[in-house]
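The values are calculated or read from the model by the stated rules, or taken from the named source; none is laboratory data. Quick caveat, the model's predicted, so the values are computed rather than measured. All Cβ positions, even for glycine, are placed from backbone atoms using ideal geometry, and neighbour counts span all protein chains on display. Calculation scope for accessible area: heavy atoms of the full protein, side chains included, ligands and nucleic acids excluded. Shrake-Rupley method; radii C 1.70, N 1.55, O 1.52, S 1.80 Å.
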Amino acid sequence: ETERGLGSIQLHPNFETNHYIYLYYTFPKFGNCDRENPDNGPINRLSRWTFDPTTNTIDASSEYVLLDTASTRKTHHNSGKIEFGNDGLLYVSIGDLGASVEAQQVNSLAGSIIRLTDVGDIPPDNPFAQDAQGVRCHLTGRASDGKKCQELYAIGLRNPWRFIMDPHTTTNKVRFFVNDVGAATWEEISQGGTDWENATDWNWQHGIQNFGWAVREGPCKRDETTCTNGWNGGYIHPFHFYIHEGGGAVTAGTFVPSGIWPSEYDNKYLYADFVFGKMYVLTHDSEPDCLDCNPAVSYNTVEEFTSFPKIITMKFGPYHGGQQALYYTNGGSSGDMRRIVYTDAQQTTPPPTPLPTTSSSIPPPLRPGALGEYPGALFPWKSGNECPNGHDFCGIIEFCMNQDSSDAQLSYGYRLPCFTQECECPSGPGPLIRLIPGNVYQITLRNTGNEPTNLHTHGLHIVGDGNGDDVTRDVPSGGNCLDYTWNITSDHPGGTHWYHAHRHTLSEKQVGGGAFGMLIVEDNTNVNPVLPSWANHERIMQVHVSERAILTNGRQNEIFGIASNQWYRFRVSIVDADAVPYNLVFDDQSMCDIHKVASDGVWRGTVPGPKSSVWELTGASRADFAIRCNNTNGEVPIFYRRDELVARIRVGSWENSPYRMEQWKPNRPDSLKDMLSESVPEANKFLVKLGFDYINNDETRWDPLVPLATIAYNQVHEWTLVDTVLHPFHLHLYHMQIATPNGCGPAYEEGEFYDTISAPGDCTVRFRTADIGQRCVLHCHVLYHEDNGSMSWVNVTGDGMPMNNVQSPSYSCPDITSLVNKRVT
């Protein structure tokens, strides 16, 4: 309706080989199409899709989400033009979404032009990429007060319906014109790009191009027709502007390629006005504009070119015989597309202008593994009044199962809500879940299978009782639901984690069969205001070992594309129901620098760690690696579990790296403070020995009603783990610091933190029962052993401990449509 829908389509510059198509479209993220809902209305989404040349269709399952805006406050001002610049980067215009005040706020993407790499990463020279207050805003379209969205490239726009790249700029330089539809007084065409300096003297806006809306419209203060005393407020002055005469809306535009029309048209700018129904040729005049005139006057020369009602888009494209033609469409009821061809017989046509090459261009097939490429897609959170009990975010995930008729084996998975009977059940991984510290999340698990199940977050520092991450709860089969509340506190550390089924007696077959997914807590700028420059330059790698195959991100022989000489953060998760440790081997032939920077979701005490190509990981471990390779146009095979190939890193062309690897000592919250020098009372020392179906003795097996022990809240505890090589030990709620001098074997360094440990001999660990308590589960992560009883729990109690006794039993939810649309007041 009105300006909602599909806003723009753009092909990747290497479309012929990678078949990537980018779409900007309106999406009912919160399950409704409310016309004016500032909190939970539709959003605009930027996604990449893959075109299938064998069917001439877009693969519906290939969506790779790069960015979501905030909810649109009106049905108009969505914009959404997508362009690739000569620098190989992706530029997108976003309207003010009906919230004009946000166009001057650098913690909002509204009223802006954003700039990303082709996989959604932040270019290092974006205005706020290196700013101490810079944060990603791609999940919700905005950030908290005082923060600055790293996606922003320019601000101060109202409805930048179309912006157009100048094809005549030199390689790696960008110049564009923005057709910004005005309000009551002016229409304007502004210019920007990599060679255009910031034009504002407002200190908080230094470093970003600002076009002035909603303080200014056209060349003057908003609603004024003369710019008194040459006033422009310190903003970028429009390249061209014209006053409304019974209306006006500058929409489409394009540059005329040199040589295809008579020379007087070379590099001229064509633009159209939707209201006037005309197309114009714009010629720049070096004479200064008259800003004191009433009304103000642009001295550019404007000539009418043709008439056509409601033009919304125009672009030069191929025509017969190697010529180029001007194609344009209208937004009227006819929805016509028309073409203008120069017919002079003497026309000489130069070769077509080559498309730019992206900075991260890699030979096909390209699977970069960045945000959205994860096959389960990005989990969509609702927010605001769509969520119960004042929770900040909420959402629904479905547990599903199917049986392969060829071998009668069951497979399991997690998926987004299915509204038809034809939905497939993906066998791992499920949707990528991303969480932001300082928010409370409610996730509803809907069981569509025929077995009971539940959901566990492996690695989060959240309560394990009540409606929290309590693995004793489950949800019956056949369309029943169970709600979980995850309180991600403002000091919760960022990290790489995963989620999976944890229903006692069924864990092995459900997790091994595919019921798992990646979970990431965004880096916490409250704890670490300054992060390494490469921290957001991520690739995501989840390896699943099953009886059938070893898959990475749900695919065989996954390929990660990177550029040579660039630092990347690889977030790696291993999922293996057998869980015992194996080596993850990067066969880099000494061409890569590979450093471990985090273990089990916790930054090392000093980043980066030692350099190596071989890293021991259990089947429940996570590790973050900083990786840089210099073997241009080469490949790095990655092996795991008895040297089986699980993925390849494909290295592209060499580039000057904008990222620097410098030593960094991250801050840590109280729950992860160093404990090695602390005195531990004897009462807080404990020995743990795991067996095939018991803990500590043949009589101690899993009993959800009887704890193994009761331990004190907010104290340091020291446990000795006895030979866990064949029985990897996992502790819920708290990360453990290695206290054994010189560490526990090569994989577990003294002083570092882990939540899953598989080490020879006795390994002494310490953990602090900070922030939360009650039920804390411990078990062998060989899931067959866990299902047989090698699992127990300790009861954490003490003065001042917050209690979570909120009961949230399962309930019937057979109608998914009603569940999604339900509003809780």
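Annotations
- The chain, accessible surface, carbon-and-sulfur percent (1.4 angstrom probe): 49 percent
- The listed peptides 606-612, 513-519, 52-58, ordered by packing as a protection proxy, come out as 513-519, 606-612, 52-58 (highest mean of other Cβ atoms within 10 Å first).
- R0 of 35 Å, Cβ-Cβ distance GLN556-SER812: FRET efficiency to nearest 0.05: 0.35
- Per residue, the solvent-accessible area of segment 762-805 (1.4 Å probe, heavy atoms of protein chains only, all protein chains present) comes to 30 Å².
- Mean-position separation - Cα centroids, segment 675-713 and segment 270-289, in angstrom: 77 Å
- Ordering PHE128, ILE58, GLY218 by the projection of their Cα atoms onto the charge dipole of the chain, which places +1 on the Cβ of Lys and Arg and -1 on the Cβ of Asp and Glu, puts GLY218 at the extreme positive end.
- Label zone at ASN742, where the point sits 7 Å out along the Cα-to-Cβ direction: segment 752-773 residues whose backbone N lies under 18 Å: 752, 759-765
- For segment 52-166, a crude dipole built from +1 on the beta carbon of Lys and Arg and -1 on the beta carbon of Asp and Glu, taken about the Cα centre, is about 560 debye to the nearest 20.
- Filter on LYS509/LYS685; LYS29/LYS310; LYS81/LYS310; LYS221/LYS310; LYS310/LYS382 - keep pairs with C-alpha separation over 24 Å: LYS509/LYS685; LYS29/LYS310; LYS221/LYS310; LYS310/LYS382
- Shape category assigned to segment 500-605 from the gyration tensor of Cα positions, a/c cut at 1.5: oblate
- Three-way shape call for segment 4-136 based on the alpha-carbon gyration tensor, with the a/c threshold at 1.5: oblate
- As a rough guide to protection, the peptides 482-489, 165-172 ranked by mean Cβ packing within 10 Å, highest first, stand as 482-489, 165-172.
- For the chain, with +1 on Lys and Arg beta carbons and -1 on Asp and Glu, the positive-most of VAL521, THR710, LEU676 along the dipole: VAL521
- Evaluated with a Cβ-only charge set (Lys, Arg +1; Asp, Glu -1), the chain carries a dipole of roughly 480 debye about its Cα centre, given to the nearest 20.
- Residues of segment 450-494 with amide N under 19 Å of the 7 Å Cα→Cβ point at THR710: 464-466
- Mean Cβ neighbour count within 10 Å, used as a protection proxy, ranking 291-303, 432-444 highest first: 432-444, 291-303
- Per residue accessible area of segment 455-583, 1.4 Å probe, in Å²: 23 Å²
- Straight-distance candidates among the lysines for linking to LYS596, with alpha-carbon spacing under 30 Å and chain neighbours fewer than 8 residues away dropped: LYS147, LYS148, LYS611, LYS665, LYS673, LYS689.
- For segment 730-789 and segment 95-150, distance of Cα centres in Å: 39 Å
- Computed with a 1.4 Å probe over protein heavy atoms only, the accessible area of SER61 comes to about 90 Å².
- Taking segment 693-825 and dividing mean pair separation by its residue count, relative contact order in percent (alpha carbons under 8 Å, at least six apart): 32 percent
- Segment 147-190: C-alpha gyration tensor shape, a/c 1.5 cut-off, then a/b vs b/c: oblate
- A Förster radius of 35 Å, combined with the Cβ-Cβ distance separating VAL297 from VAL101, puts the computed FRET efficiency at roughly 0.75.
- Cβ-Cβ FRET estimate between ASN630 and SER258, R0 fixed at 30 Å, reported to 0.05: 0.15
- Residue-averaged 222 nm ellipticity for the chain, from DSSP H runs of 4+ at -39500 (n - 2.57), nearest 500: -500 deg cm²/dmol
- Cysteines without a disulfide-compatible neighbour (Cβ-Cβ under 4.7 Å), the chain: CYS33, CYS776, CYS780
- Accessible surface, per residue, of segment 1-154 when the full set of protein chains is kept, probe 1.4 Å, Å²: 32 Å²
- Working from Cα pairs under 8 Å separated by at least six residues, relative contact order for the chain is 8 percent.
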